[in-house]
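Peer 1: First the structure, which I've put down as structure tokens, then a few questions once you've had a look.
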Amino acid sequence: DTAVSQTPKYLVTQMGNDKSIKCEQNLGHDTMYWYKQDSKKFLKIMFSYNNKELIINETVPNRFSPKSPDKAHLNLHINSLELGDSAVYFCASSQLTGVGRTYNEQFFGPGTRLTVL
Amino acid sequence: AQSVSQHNHHVILSEAASLELGCNYSYGGTVNLFWYVQYPGQHLQLLLKYFSGDPLVKGIKGFEAEFIKSKFSFNLRKPSVQWSDTAEYFCAVRGQAGTALIFGKGTTLSVSS
């Protein structure tokens with residue numbers, strides 16, 4: 001009963017290819033995120049979706065395109081992969097809640113280790 | 001812009017030693033504060049969080065953290081570490097009106113038995 005799941009866990013591909021990473025959460029949350037963890041383990045937000053609407057789009061190359069078909073899924077498609085895209089990509093989800101409409105903590109998926117050769 | 005600074009890059013301790021990991025943030029408004037842990041090869045797990053109320057927060061596995069507003073700090077502590085605490089520790093902040101977490105660069109904790 002994984003709360004936030006990602007596929008695949010490992011992805012090895014050649015430069016120039018196009019690849020997708022899928023994320024699903026079964027927590028009933030309304031907000032999902034993609035984070036990138038670089039080789040120095042630094043985590044940085046890439047995108048955030050609330051109820052299928054894009055609400056955060058950090059300075060990320062437009063080769064990266066998130067897609068949210070429904071509240072429970074947020075997929076990440078990457079075109080023309082480059083060496084610098086090699087990283088671990090984490091999906092996360094949280095819920096907007098409470099009288100003050102604040103977000104609870106984020107639950108993270110297991111990560112997808114992308115290696116671009 | 002919000003930022004998080006973790007002072008210790010790599011901490012090496014013997015079992016039973018006490019632990020304190022520093023975390024400072026820069027944000028003028030109301031914040032939510034978090035400590036996450038990443039065990040080798042695993043995903044991030046929440047250790048503890050501070051939203052409001054008692055500034056001394058207790059989390060899982062014997063960890064606690066103290067929010068000191070005047071110092072913009074949220075240091076993580078554990079009185080006696082175990083070998084199984086070997087992991088990467090991340091402090092994170094979120095402005096109360098915001099959504100995404102801003103992470104510090106992490107602290108690697110190595111505990112020798």
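Peer 1: log₁₀ I(q)/I(0) of chain A at q = 0.16, 0.19 Å⁻¹, via Debye over equal Cα point scatterers, no solvent, to two decimals?
Peer 2: Relative scattering, expressed as log10 I(q)/I(0), comes to -0.70, -0.97.
Peer 1: On the accessible surface of the stretch A:2-92, probed at 1.4 Å, how many percent belong to carbon and sulfur atoms?
Peer 2: Roughly 50 percent, rounded to a whole number.
Peer 1: Sort by residue number and name the cysteines in the protein assembly as shown that have no neighbouring cysteine Cβ under 4.7 Å.
Peer 2: Among the cysteines of the protein assembly as shown, none has its Cβ 4.7 Å or more from every other.
Peer 1: Determine by what factor the alpha-carbon radius of gyration of the stretch A:34-96 differs from 2.2 N^0.38 Å, reporting the quotient.
Peer 2: With N residues counted in the stretch A:34-96, Rg over 2.2 N^0.38 Å equals 1.11.
Peer 1: Calculate the dipole size of the stretch A:34-111 relative to its Cα centre from +1 charges on Lys and Arg beta carbons and -1 charges on Asp and Glu beta carbons; express the result in debye to the nearest 20. All intermediate terms of the calculation are to be shown ahead of the outcome.
Peer 2: Working: 9 positive and 7 negative charges, 14 e Å.
Using Cβ point charges on Lys, Arg, Asp and Glu, the stretch A:34-111 gives about 60 debye.
Peer 1: Just want to confirm a number: the relative contact order over the stretch B:41-113, from Cα pairs under 8 angstrom separated by 6+ residues, in percent.
Peer 2: That works out to 20 percent.
Peer 1: Taking a spot 7 Å from the Cα of residue B:45 along the direction of its beta carbon, which residues of the stretch B:72-104 have an amide N less than 15 Å from it?
Peer 2: Counting only backbone N, you get B:82-90.
Peer 1: Please compute the alpha carbon radius of gyration of the protein assembly as shown, then divide it by the globular-protein estimate 2.2 N^0.38 Å. Two decimals is fine.
Peer 2: Values: Rg = 17.7 Å, N = 230, 2.2 N^0.38 = 17.4 Å.
Relative to the 2.2 N^0.38 Å estimate, the protein assembly as shown comes out at 1.02.
Peer 1: Continuing with this model, one more query. Binning at 5 Å from 0, report for the stretch B:1-73 what percent of all alpha-carbon pair distances ends up in each bin.
Peer 2: Taking every Cα pair in the stretch B:1-73, the percentages come to 3, 12, 23, 27, 20, 10, 4, 1.
Peer 1: Also, quick follow-up: Placing +1 at every Lys and Arg Cβ and -1 at every Asp and Glu Cβ, with all other atoms neutral, what dipole size does the protein assembly as shown have around its Cα centre, in debye to the nearest 20?
Peer 2: Approximately 200 debye in magnitude.
Peer 1: Kirkwood hydrodynamic radius (Cα pairs, Å) of the stretch B:58-101? Spell out each step's value before the answer.
Peer 2: Working: mean 1/r = 0.0802 Å⁻¹.
Over the stretch B:58-101, the inverse of the mean reciprocal pair distance is 12.5 Å.
Peer 1: Could you report the buried accessible area between B and A, both sides summed, computed with a 1.4 Å probe and given in Å² to the nearest 100?
Peer 2: So the total buried area for this chain pair works out to about 1700 Å².
Peer 1: Let me ask something else. Please name the residues of the stretch B:31-63 whose accessible area, counted over protein heavy atoms with a 1.4 angstrom probe, falls by no less than 20 Å² between the chain alone and the full protein assembly.
Peer 2: Relative to the lone chain, where solvent access is computed with a 1.4 Å probe, the stretch B:31-63 loses at least 20 Å² at B:36, B:38, B:43, B:44, B:46, B:49, B:51.
Peer 1: Once Lys and Arg get +1 and Asp and Glu get -1 on their Cβ, which of A:68, A:83, A:55 lies farthest toward the positive end of the dipole of the stretch A:26-115?
Peer 2: Working it through, the farthest residue towards the positive pole turns out to be A:83.
Peer 1: While we're here: Filter the cross-link list A:19/A:67; A:41/B:58; A:9/A:41 down to pairs whose alpha-carbon distance in this structure exceeds 19 Å.
Peer 2: A:41/B:58
Peer 1: Rounded, prolate or oblate, given the Cα gyration tensor of the stretch A:22-66, with a/c below 1.5 counting as rounded?
Peer 2: The shape class here is oblate.
Peer 1: Related question: Excluding residue B:66 itself, what net charge comes from residues whose Cβ is under 15 Å from its Cβ, given Lys and Arg +1 and Asp and Glu -1?
Peer 2: With Lys, Arg at +1 and Asp, Glu at -1, the neighbours total +3.
The values are calculated or read from the model by the stated rules, or taken from the named source; none is laboratory data. For clarity, every value in this text was computed on a predicted model and none was experimentally measured. Note that we place each Cβ from the backbone using ideal geometry, even for glycine, and neighbour counts take in every protein chain shown. We work out accessible area using only protein heavy atoms, side chains counted, and drop any ligands, DNA or RNA first. Shrake-Rupley method; radii C 1.70, N 1.55, O 1.52, S 1.80 Å.
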